[in-house]
Every structure is written in structure tokens, then in C-alpha cells.
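The values are calculated or read from the model by the stated rules, or taken from the named source; none is laboratory data. Everything numeric here is computed off the predicted structure, so don't read it as measured data. In this analysis, Cβ positions are derived from the backbone assuming ideal geometry, glycine residues included, and neighbour counts consider all displayed protein chains. Just the protein is used for accessible areas: all its heavy atoms, side chains included, with ligands, DNA and RNA removed. Shrake-Rupley method; radii C 1.70, N 1.55, O 1.52, S 1.80 Å.
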Amino acid sequence: QDRTNFNDVPQTYRFAVATDYLPTGIEAIPSMVSAPSITPATISLGEDLGQRATLTATFKDHKWADTGTGYDPYVSERDYAPYSQGTYFGKFRARHRYVRGRDLRLITGTVGQALAAMENRHYVIDSFDGPSPSGEYRLIAKDVLKLADDNRALAPALSEGSLNAAITDVATSLVLKPTGVGALYPASGHAALGGKEIVSYTRSSDTLTITRAQLNTVAQAHDVEDRVQDILVYSGEDPADIIYDLLVNYAGVDAAYIPLATWQTETDTYLTRVYTTYIAEPTGVNQLVSEVIAQAGLAVWWDDVTQEIKLRVLRAIPTDAAVFDEDNTLEGTLQVSEQPEKRISQTIVYYGQINPLKPVDEKENYRSALLNVDLQSSGDYGSTALRTVLARWIPAFGSSTAQRLSDILIGRFLDPPRLFNFDILRHGDETVALGGGYLIGGWSLQDDTGAQANAPVQVTRLAPKADRYSVEAEEVLFQDLDPAALV
């Protein structure tokens, strides 16, 4: 591509659906075939990063003059001939092959509403297709957490150094190659040699002074060109800080999207535990963040309206939360489903990983295990419902952290949570947010006396439609096994 006259200045393109009521005061190219389709994100409570939101926008290609002022229909095609070669999206595709990772906003409003007052939902362009022979061009966008996918972001990054010469099993130093690669390593740390042995080291230029057989590995001889992989270490750190570091420094998520102080307040108040691990091989950021979510009892999601990544410890919904019932939901839309498979009456938390070079899913690679059983629940339901967690983030002697995780899981899922679906008007008086905590009311929701009983829920899926929001929410029930963690 010729970049002689290229200026690397951000440029905003705005498109709209062609309608008779399209405001003349808002500059937009009316080439969208229809309103974009959205597959909403789904929050996975205490399990992983959930499902990413997907937006697909489809456009119809058309002629467009490169005059700097757009196409003037009152000027003849003959006069535009020097500028009208090709089509808008044909040229757009040739000029903007690198749109992946660029911001995309979906702006929705009502007739007469000011642009600044309209609803904005924020996504990141993931791919494009076209223009096709029929003149169709599509943009596909995802939510920001797509950047953490395992095929896009690894932590730690693959180290580029290897052994310049073979070493014996008693050598106390090694030299890296290629020359100068030592500058890519920290001044000190831990490294894995050939994927077999972990050493601690201090570095001077390309030379590492090493202490052998660390973290329960065995000293052994290594050959020339055996890789020297720097190890990512988190030692006694708040899960809010861990997830922030993984997303920002390894997945390239903009730090402005993460309200770190708010995250830290959440974990300081409702979790009060720190976590430790050694990551000896480049590992997908999605996998690592999902492990922290599962082993600390968290929910993490992208809020496309506030343009923030949210973090919440699994805990109770306030009793004064907003209520959705027959008065403010669309008639006939409330549906309630049981989820017996989500019940947990017994947990086994394996912790204290022995060797970071061995698989994290092998029970024999953990020195300790904590069993927690609620006998009453097993008797009431007639069976045990077991959740096993292999927690490499909980270090040796971390029984109190394992106990906290177990208390959160059993306290949250001792009774199986119901799933609620309902709709509310999009432009009505009520508002609802993905991840928000609310109360659901209705005549069919009753306690054992027959009195109406509101159900506390957390919104796990929110689909914006033309006239309504379709809401999916999971019931949030808690037994006070550890009141400090669950309120």
C-alpha cells in the first residue's frame, strides 16, 4: 500500500439506515441495509469470562466521489468521472484493511433526540467481509474482552532466548543467544529451561547466574538451543490486580476501560484474600483470567454502555434493589426455569500446586485438598452435588483461601438458582444493566406460606431490541456460611 500521503490521524465514519425520517442535522452515510444484529454477551457467574457479545452490521455498496465533500446528485456523472471510479466499500476495503481492533459504536435514539443524548454501545471490530459481487459489505464486532482470547493474547509472552551452549546438571550460569537477547529478560526472576527445570536467576547482559532445581523441579543437563522461558510470577496479590495486569499488559486492553480502584474496593470488602502462582509456559489470557474468576468466586464482564469492564465478587443482592414485576415488565414475557444442575452441596478444592511445569488439571500435582460438605442439603435433595476446583492460584498452606472459595460456592449454589427471562420497554421509565442486581416479583413467585416473595437476581444477558430489552437473569441465593464474604 502506498503511504506517501498517509496521515495517521483518527477518522470517524458514521453510517445510518436509509429512512424517510433520517435527521438532516446528523451527518451519516445512509448505506446500512438494516439495524445491526446483536448476539448479547453472557456473564458466567463464578466460572469464566462467559460469552462475548457480537454485533454484525451489513451495508449496501454504492458510488461515492472522492471530492472531499461527498457525492453531489446535482452534478452529472460526466463531471464526476475523474473521481467516481469504483465504489465506496470497494475503496474502503482497499484503504482500511487494518480495521481489526478499531472502536465501533452503535448509536440508537428516537426521532428528534439530540445525538449526544442517544444510547451508545461500544464494541471492537473483529473482522469484515466484502464487498461481495452483489454489493454487500459486513463488519463484525465483538466486546472488548475478545482481546483476551487465547489465540490472541498469551501470558507470559514467549521468551526469545535459548542456551548458547549445553550445560551440565551442576552448572551455575548460562549464556543466552542470540546476542543481545538478554535485554528482553528482567534483571532477576525465574525461568524454565527446556520445559523441564525451573531455575531462579540474576542477569548481567546475556549471562544468567542460576540457582538450580527450583519449585520442585529436578536439576538436569540441557542441550544447546534449549529454550529459556521467563516465568510470570504473582505472589500474594489481589485478584483485582492480577486480572488488571493480565488484561492490560498481556491482552492490550485499554487501562481506561478498567476502574481498578472500584475493583479493589470490591475484593477488599467481599473477598479479603490474595493469590499466588507461577506461570511457566505462555498461556492464553482468557484461560488465566477464567481460572482466577473460578478460584476466587468472581464475575467479570464488559459493560458496553458505560464502556467499562466490571468485576463483582459472588455475593447477595441488596434487599432494597429495584423491583421488576407486573407493573414495569411487558405482559406475558416473564418466564421462570429451574436449573437443578447448578446446585452445589459439596466442594473439593485442590491447592498448593507442586510443579508449575506439570499440567494444572492433574490432581497429583497439588499437595493439599480441602473438603466441604453440607450434609443437610445432601439429605434434603437426596443426593450430593459435587464441585471440584483445581486451584493453582491458591498456594501451599492457603487453607483459609480455599475455605473462603468453598464457602462462596456452597453459599451461592446450595439451592439451585432459577433462571428468569422478561422484557421491558427500551424507551420507558425503567432501566436495566448487564450484571446489575435486582428483585423479580410476580404472583407465581411465592414462599412456603403462599405469600408473594421477590426473587433476588443478577442480570447475565441483556439483548437490546428496537422497542424493548430482553433480559435474562439468574437467581442469587445465599446461605450465610461465611457472612463476611457473602453480604
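Each part gets one Cα centre, and for segment 191-220 versus segment 126-183 those centres are 23 Å apart. Per residue, the accessible area of the chain comes to 49 Å² when a 1.4 Å probe rolls over the protein heavy atoms.
Taking GluC sites (Glu not before Pro) across segment 378-487, the ones in a DSSP loop with at most 16 further Cβ atoms lying within 10 angstrom of their Cβ are Glu430. Using only the Cα atoms of segment 319-478, each taken as one equal point scatterer with no solvent, compute I(q) by the Debye sum, divide by I(0), and report log10 of the ratio at q = 0.08, 0.18 Å⁻¹. Reported log10 I(q)/I(0), two decimals: -0.34, -1.03. Each part gets one Cα centre, and for segment 354-399 versus segment 257-287 those centres are 20 Å apart.
Given axes a ≥ b ≥ c from the Cα gyration tensor, I'd like to know whether segment 78-164 is rounded (a/c under 1.5), prolate (a/b larger than b/c) or oblate. Judged from the Cα gyration tensor, segment 78-164 comes out oblate (a/c at least 1.5, b/c at or above a/b).
Of the listed pairs Lys342/Lys363; Lys196/Lys342; Lys196/Lys310; Lys91/Lys310, which have alpha-carbon separations greater than 30 Å here? Exceeds cut-off: Lys196/Lys342; Lys196/Lys310; Lys91/Lys310. In order along segment 337-343, the Karplus-derived 3J(HN,Hα) couplings, from 6.51 cos²θ - 1.76 cosθ + 1.60 at θ = phi - 60°, round to 10, 7, 9, x, 5, 8, 5 Hz, and Gly and Pro are given as x. Calculation over all alpha carbon pairs of segment 109-268 in 5 angstrom steps from 0 returns a P(r) of 2, 7, 12, 13, 12, 11, 11, 9, 7, 6, 4, 3, 2, 1, 0, 0 percent.
When a 1.4 Å probe is rolled over the protein heavy atoms, the share of accessible surface on segment 393-487 that falls to carbon and sulfur comes to 50 percent.
According to the calculation over all Cα-Cα pairs in the chain, the P(r) per 10 Å bin from zero is 4, 16, 22, 21, 17, 13, 6, 2, 0 %. Would you work out which of Tyr257, Leu247, Gly194 lies farthest towards the positive end of the dipole of segment 181-275? Charges go on Cβ: Lys and Arg +1, Asp and Glu -1. Positive-end residue among those listed: Gly194. For Leu414, the amide hydrogen comes within under 5 Å of the amide hydrogens of Ile344, Gln479, counting only partners 5 or more places away or on other chains and with H modelled in the peptide plane. Backbone amide hydrogens, once placed in the peptide plane, bring Thr217 within less than 5 Å of Ile198, excluding anything fewer than 5 places away on its chain. For segment 219-356, the fraction of alpha-carbon pairs lying more than 18 Å apart is 69 percent, rounded to a whole number.
Couplings 3J(HN,Hα) of segment 439-453, computed from phi: 10, 10, x, x, 4, 7, 9, 9, 8, 6, 9, x, 6, 5, 10 Hz, in residue order, whole Hz [Karplus 6.51 cos²θ - 1.76 cosθ + 1.60, θ = phi - 60°; x for Gly and Pro].
Amide H contacts for Val253 (H built 1.01 Å from N in the peptide plane; partners 5 or more residues away or on another chain; cut-off under 5 Å): Val248. Electrostatic bookkeeping for Asp149 treats Lys and Arg as +1 and Asp and Glu as -1; over the other residues with beta carbon under 14 Å from its beta carbon, the sum is +1. Sequence-ordered 3J(HN,Hα) estimates for segment 288-293 from the Karplus curve with 6.51, -1.76 and 1.60 and θ = phi - 60° stand at 5, 5, 5, 4, 5, 4 Hz, glycine and proline given as x.
All other residues whose Cβ lies under 14 angstrom from that of Leu184 are scored, Lys and Arg at +1 and Asp and Glu at -1, for a net of 0. Checking the a/c ratio against 1.5 first, then a/b against b/c, what shape does the Cα gyration tensor give for segment 434-482? Since a/c reaches 1.5 but b/c is at least a/b, the shape of segment 434-482 is classed as oblate. Using the Cβ of Gln307 as centre and a radius below 10 Å, the other residues enclosed give a net charge of -3, where K and R count +1 and D and E count -1.
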